[in-house]
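The values are calculated or read from the model by the stated rules, or taken from the named source; none is laboratory data. Bear in mind the structure is a predicted one, so any value in this text is a computation, not a measurement. Cβ atoms come from the backbone with ideal geometry, glycine included; neighbour counts cover every protein chain shown. Ligands, DNA and RNA are excluded from the accessible area calculation, which covers all protein heavy atoms including side chains. Shrake-Rupley method; radii C 1.70, N 1.55, O 1.52, S 1.80 Å.
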Amino acid sequence: MTNPADKPNAPLVGDSGSRQKDPAKKMVLNPLSLRFSGPTAHLEQPFIAQYSQRSVKQVRLMLVLGALLYAGFGILDAVLIPDYKHLTWPIRFFIVCPALLWVALYTFRPAFKTVMQPLLAAVLLLAGGGIIFMIVIAPPPINYSYYAGLILIFFFGYTLFRVRFVWVTSASWLLVIMYEIAATAITHTPWPILVNNNFFFISANIAGMLACYLIEYYTRRDFFSAHLLEQERKKVAHANVVLEQRVQNRTAELQQINRNLEQEIADRKQAEQE
């Protein structure tokens, strides 16, 4: 049988003559969820695995930092609402901070990577819910300024916690709804203050969404580019193997031809002597 590598006109893998437009070479993302879709849908699970693996250390550090900041604002409670700190401090020191530190310890478990996104979204809801509870129990007008703590929650969630766009957006807008219910139905925040708070509150949320969307988009683009480079590297390696095999086959042919010529010369010399 003839080896395909022996055919002089057989194109090498990766040759420009054999290339066709491959739809898998174009990154296709769902515009809302940013998931790989279409011809690149098979990359979603490898991306999630790599994203979780590379995010663990940063998430662990940010959880500890978040716990320290959340606890540190207990000083603000003691200054602004000293008569209510017996209600706010348990939320900070016995619920939210222990939860953040527990999740930070849980990041050392292999199972964390499989539940990283929903778990971090739950942490954001817990921390934000704690602040909303403080808004409800603090007396006016002090409680009107506590909404700023939610902006810090958005900042951590959208940019530092490595929560994917879908999860952090869902958690953040749920906090927005919770705040609106608390401010209107429970604390009866005056209309001018509510409008003022919402301008900053919702604007920070929208800005965070944009930042998180772009961060994840470019992270996925870098992953996709690395995937294409790896595919090309494999094609080049395969082409080198095929080329080396061709060279070996041609060398063997030339050696055989050389031996035949030497034998023919020897036979002619022998015939001349005879």
> Applying the selection to the range 76-106, what residues are more than 20 Å from Ile135 (Cα to Cα) and of a type in the set (Gly, Ala, Ser)?
Replying inline: Ala99, Ala104
> Just a yes or no: is a residue in the range 54-68 closer than 21 Å to Met134 by Cα and not aliphatic (A, V, I, L, M)?
Replying inline: yes
> Can you pull out the residues in the range 219-274 that are open to solvent by 100 Å² or more (accessible area, probe 1.4 Å), within 30 Å of His42 (Cβ to Cβ) and either more than 60 Å from the chain's Cα centre (by Cα) or of a type in the set (D, E, K, R) (or both)?
Replying inline: Arg221, Arg233, Lys234
>> One residue is enough: does the range 34-57 have a residue meeting the conditions at pLDDT below 90, surrounded by 12 or more Cβ atoms within 10 Å (Cβ to Cβ) and touching a Ser or Thr at 6+ places or on another chain (Cβ under 7 Å)?
In response: no
> Does the range 180-197 hold any residues that are surrounded by fewer than 12 Cβ atoms within 10 Å (Cβ to Cβ) and over 39 Å from the mean Cα position of the chain (by Cα), and which are they?
Replying inline: His188, Trp191, Pro192
> Of all the residues that make up the range 164-196, how many are of a type outside the set (Ser, Thr, Tyr) and not in a helix (DSSP H, G or I)?
Replying inline: 3
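Do we find a residue being modelled with pLDDT of 90 or more, surrounded by 14 or more Cβ atoms within 10 Å (Cβ to Cβ) and within 27 Å of Leu120 (Cα to Cα) anywhere in the range 11-32?
The answer is yes, given that some residue of the range 11-32 is modelled with pLDDT of 90 or more, surrounded by 14 or more Cβ atoms within 10 Å (Cβ to Cβ) and within 27 Å of Leu120 (Cα to Cα).
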> Got at least one residue in the range 197-210 being assigned to a helix (DSSP H, G or I), more than 30 Å from Ile142 (Cβ to Cβ) and not acidic (Asp, Glu)?
Replying inline: yes
>> Pull out all pairs, ordered by first then second residue, where Cβ-Cβ is under 8 Å, the residues are six or more apart or on different chains, the first lies in the range 148-168 and is more than 21 Å from Gln50 (Cα to Cα) and touching a residue at least 12 places away in the same chain (Cβ under 8 Å), and the second is open to solvent by 20 Å² or more (accessible area, probe 1.4 Å) and of a type in the set (Val, Ile, Thr).
In response: none
> Quick one: Gln255 ticks every box in (1) at pLDDT below 90; (2) in contact with a Leu (Cβ under 9 Å, 6 or more places away or on another chain) bar one, so which box is it?
Replying inline: (2)
> Are there any pairs, at least 6 apart or on different chains, whose C-beta atoms fall under 8 Å, with the first in the range 25-39 and over 19 Å from Ala226 (Cα atoms) and of a type outside the set (A, V, I, L, M, F, W, C) and the second open to solvent by 40 Å² or more (accessible area, probe 1.4 Å) and modelled with pLDDT of 90 or more, and if so, which?
Replying inline: Ser33/Val166
